[in-house]
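Here the structure is laid out as structure tokens; the discussion comes afterwards.
The values are calculated or read from the model by the stated rules, or taken from the named source; none is laboratory data. No experiment lies behind these values; they were computed from the predicted model shown. All Cβ positions, even for glycine, are placed from backbone atoms using ideal geometry, and neighbour counts span all protein chains on display. Heads up: the accessible areas ignore ligands, DNA and RNA and are worked out on the full protein's heavy atoms, side chains in. Shrake-Rupley method; radii C 1.70, N 1.55, O 1.52, S 1.80 Å.
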Amino acid sequence: MNTLLLIDLQNDFLPGGALAVREGDQVIPLANRLMPRFDLVIASQDWHPANHDSFAANHPGKKVGELIELASMPQILWPAHCVQNTSGAQFAHALDRTRIAHITKKGTDPAIDSYSAFFDNGRKKATDLDAFLRARGITHLHLLGIATDYCVLFTALDARKLGYRVTLIEDACRGVNLHPKDVANAFDKMRQAGVEITTSNEILQPQKLQSLQQGRISIQPQTITVPSPMSQPIQLRSMANAGRRRSIISRCRSSTMRRSVTRFEMKVPR
Ligand code: VGL
Ligand code: ZN
């Protein structure tokens, strides 16, 4: 069964939320368009009690971003977020919830954090997710959500360790980037673990992308996203003049073959 896993699409991770992730809101319309393409949609929900030990406010004198030790592991202190039964913990208001067949809650134990939707950070306790998927014979997961460098990363790595085929929809993820390279490093780690990378366009418009890559059609007057071997999807912008448009397409083809699409984008005249 064609399965999509939505990671933590909750108000607190959107701009204006308690742990706001830049452009987190841009993931929501993509999730809404992608859901109808899957037979099964599952969502994870960060679901902390108010006394959760990952919250800086629960450690007098400590600040957000500081490291403490929790359950014998380094733990980043976060602003209080996704507190059970608060509006911040609810799914994004713009998210179409009607297709979500199952919700996996995580982070409920106040004494340990849980970035992965499968296990707590100490891998001591499992959530219901693996059992749910196994019971249905699911072996391949498509993944999107927030945050790339925490919950998406740890969920993808655990899924691989559990033997799932994992495909990440890279333009439908956004990260925290506490350190500037965190998101890029997260993509590297996932790739090294055998996570496949795709884009929403490849799922929503597969024929169009194929034609574009084969040079049979030109780029429409809009922005499209193609899979990049680097950390972030690249955007190809259509140009006003036809000659340039042709050159972009041909460069796109050769760069894709050389797998250096990100460098290609920097060469495009603007
Ligand atoms: C997350 C930090 C703390 C996430 C959750 O959803 O990526 N990050 N709790
Ligand atoms: Zn959390």
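Quick one: grab the alpha carbon gyration tensor of region 108-170, order the square roots of its eigenvalues as a ≥ b ≥ c, and give me rounded if a/c is under 1.5, else prolate or oblate depending on whether a/b is larger than b/c.
Verdict is oblate for region 108-170.
Positive end of the charge dipole of region 65-176 (Lys, Arg +1 and Asp, Glu -1 on Cβ, about the Cα centre): tell me which of HIS93, SER114, ILE138 has its Cα farthest that way.
Result: ILE138, furthest along the dipole toward the positive end.
When the Karplus curve 6.51 cos²θ - 1.76 cosθ + 1.60 is applied with θ = phi - 60°, which whole-Hz ³J(HN,Hα) does each residue of region 11-18 get, with x for Gly and Pro?
3J(HN,Hα) across region 11-18, in whole Hz: 3, 5, 9, 9, x, x, x, 5.
At R0 = 41 Å, how high is the FRET efficiency between ASN51 and LYS181 if r is their beta carbon distance? Nearest 0.05 is fine.
0.80
Report the Cα-based extents of region 3-204 along its three principal axes, largest first, to the nearest Å.
Projected onto the principal axes, the Cα atoms of region 3-204 cover 48, 32, 32 Å.
For ALA135, put the label point 7 Å out on the Cα→Cβ axis and report which residues of region 88-106 keep their amide N under 12 Å from it.
102-103
Would you kindly find the accessible area of TRP78, with a 1.4 Å probe and non-protein molecules such as ligands, DNA and RNA excluded, rounding to the nearest 10 Å²?
10 Å²
Calculate, for MET73 and GLN213, the FRET efficiency according to 1/(1 + (r/R0)^6) with r their C-beta to C-beta distance and R0 51 Å; round to the nearest 0.05.
Computed FRET efficiency for MET73 and GLN213: 0.70.
In what sequence, highest mean first, do 15-24, 165-174, 94-103 appear when ranked by Cβ atoms within 10 angstrom?
Highest to lowest by the protection proxy: 165-174, 15-24, 94-103.
Can you put ASP120, ASP53 in order of accessible area, largest first, using a 1.4 Å probe?
ASP53, ASP120
Can you tell me how much longer the chain between LEU162 and HIS59 gets when fully stretched, taken as 0.36 nm per residue apart minus their C-alpha distance, in nm with one decimal?
33.6 nm
For a quick check of understanding: with a 1.4 angstrom probe and all protein chains in place, what accessible area in square angstrom does ARG33 have, to the nearest ten?
The accessible area of ARG33 comes to roughly 130 Å².
Straight-line reach only, C-alpha to C-alpha below 24 angstrom: list the lysines that LYS105 could link to, leaving out same-chain residues fewer than 8 apart.
Once the sequence-local lysines are set aside, what remains near LYS105 is LYS124, LYS125, LYS161.
Would you list, by chain and number, the lysines whose Cα falls below 23 Å from the Cα of LYS181, excluding same-chain residues fewer than 8 positions away?
Of all the lysines, those that pass the test against LYS181 - Cα under 23 Å, at least 8 places apart if same chain - are LYS63, LYS189, LYS267.
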